[in-house]
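*Asks:* Following this message is one structure expressed as structure tokens.
No value in this document is a laboratory result; all are computed from the given coordinates. Remember, it's a predicted structure, so these values are computed and weren't measured experimentally.
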Amino acid sequence: MIRLLLLLLLFFLGYTLFQAVFRLLTGRSQPPSAPRGSRSPKSREGEEMVQDPQCGTFVPRGDAVSAVVGGKRRYFCSTACRDAYAGKS
């Protein structure tokens, strides 16, 4: 019984190691079962972080809520911050 448990543990560790090496070599950040387009594509260097002018939170540009306020494009962490900032202007 103990041999079977050790064998299963070794198999699990080997499989996990194989997945990590495969992702490293292919450059995939998502598991193969994840639907395509579920996240915005990112470069190898990462994504630029933008600061919300209302609350000061930093968010990735791809996840930020954007709006043109006063002729300039601004990025916000949420629609609530966007609306509060637009109300101040």
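*Asks:* Under the rule of at least 5 residues apart or a separate chain, name every residue whose amide H is placed under 5 Å from the amide H of residue 69.
*Replies:* Long-range HN contacts for residue 69: 74.
*Asks:* Sticking with this structure for a sec: Along the three principal axes, how long is segment 46-89 when you take its alpha carbons, biggest first, rounded to the nearest angstrom?
*Replies:* On the principal axes, segment 46-89 reaches 32, 19, 13 Å in Cα extent.
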